[in-house]
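In what follows, a structure is listed as structure tokens, so that the remarks can point back to it.
The values are calculated or read from the model by the stated rules, or taken from the named source; none is laboratory data. As the structure is a prediction and not an experimental result, all values here were calculated from the model. As a convention, Cβ positions derive from the backbone with ideal geometry for all residues, glycine included, and neighbour counts pool all protein chains shown. These accessible areas exclude ligands, DNA and RNA; they are computed on the full protein's heavy atoms, side chains included. Shrake-Rupley method; radii C 1.70, N 1.55, O 1.52, S 1.80 Å.
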Amino acid sequence: MAETTVPDLVLNNGITIPALGFGVFQTPPEQTITAVETALETGYRHIDTAAAYGNEREVGEALRRSGIARSEVFVETKVWITDFGYDATLHAFTKATGKLGLDQLDLLILHQALPGEFDLTIAAYKALETLLTDGKVRAIGVSNFMPEHLTRLLDAVTVVPAVNQIEVHPYFRQPEVLAADTEHGILSQAWSPIGGITFYRDSGHTSTLTDPVITEIADGHGKTPAQVMLRWHLQQGRQVIPKSVTPSRIRENFAIFDFALTDDELAALDALDTGKRGGPEPEQITRENFGMAIPEA
Ligand code: NDP
């Protein structure tokens, strides 16, 4: 089994998380065990799943099959909006750990804010605080929170989120959210770090993978566009969670610790920002629009 070469980042409560993790959004359950096993064999030690992805059970099965000690793998999952509310979110933890086959989670985050029902969002977060106090989770956080959502949350709760998982790739950088995260001591986790959302759905973007600026930088290093984008995040202090079901790409995305981008190259990638998101607008998330129920088991 490959030795892991991934540096750790320290969360605001002292817990460490590998700087590179493995995402499983849109990985079908029937492909998840193999994908996660391949990632673990490659050396990834952080898996990012979610109740809404429908593959927590298979992530747990891959962890068991790997034979790697539980303490060596950082497991993160997310509470979906239909499970928001104090008691409902406590129960969401029970559902998630039941599917994963784990007693404790390393990181549990709210998948979205519900801007129109922020009291419910706060109640959900307070349940995360209780789970943290009870030692059921080692860290708690949020996802897709805009600066105003962070402000509203922090006015009402005690524990500053450890992470904010947001869309960041060269075509959508969200500098104002990154700045708010930094200001509050929150680690920014980049979702769609290689711009997946620019090419797996019609987001109005061309693919980051064929961008001439990115491909030229990649060629100069003898690396791929995906590897360059991942380096860009790491060198700017963001945690990344690229997804793939393709073994060669799972390995490619891991081979990013043997080169470095220059300041000019980082700036050239920054300059690709279009200000246009590929994913849903966080302010428009409602239970009516995105109200899928999370099964009990
Ligand atoms: P990514 O930027 O990770 O891109 C994934 C896509 O890129 C897949 O189509 C994959 O194809 C392809 N791919 C992966 N590696 C390479 C490579 N080296 N070269 C070419 N193509 C490649 O996008 P995601 O949206 O999946 O984001 C990553 C993770 O972030 C998710 O899995 C999830 O964990 C999280 N996420 C969180 C969200 C949130 O709201 N909090 C929203 C979206 C994602 P293939 O699999 O076929 O190899």
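Brief remarks on what is shown
- Elements of type helices (runs of 4 or more DSSP H) in segment 181-297, at least 1 residues being more than 10 Å from the ligand (Cβ to nearest atom): 212-221, 225-235, 263-270
- Each residue in segment 125-168 was checked for being more than 18 Å from GLN104 (Cα to Cα) and part of a helix (DSSP H, G or I), and 8 of them qualify.
- Only residues that are open to solvent by 50 Å² or more (accessible area, probe 1.4 Å) and either touching a helix residue (DSSP H, G or I) at 6+ places or on another chain (Cβ under 6 Å) or not polar (S, T, N, Q) (or both) were counted in segment 260-272, giving 5.
- Members of segment 126-149 that are open to solvent by less than 20 Å² (accessible area, probe 1.4 Å) and in contact with a strand residue (DSSP E or B) (Cβ under 7 Å, 6 or more places away or on another chain): LEU128, LEU131, VAL137, ALA139, ILE140, GLY141, VAL142, SER143, ASN144, PHE145
- The set of residues from segment 15-29 being outside any strand (DSSP E or B), out of contact with any helix residue (DSSP H, G or I) (no Cβ under 8 Å at 6 or more places or on another chain) and open to solvent by 10 Å² or more (accessible area, probe 1.4 Å) comprises ILE15, PRO28.
- Counted residues, segment 81-110 - those being in a loop (DSSP other than H, G, I, E, B) and either crowded, with 24+ Cβ neighbours inside 10 Å or of a type in the set (Ser, Thr, Tyr) (or both): 1
- Pairs where the first residue, in segment 242-260, is over 15 Å from VAL6 (Cβ atoms) and the second is modelled with pLDDT under 95, C-beta under 8 Å, 6+ apart: none
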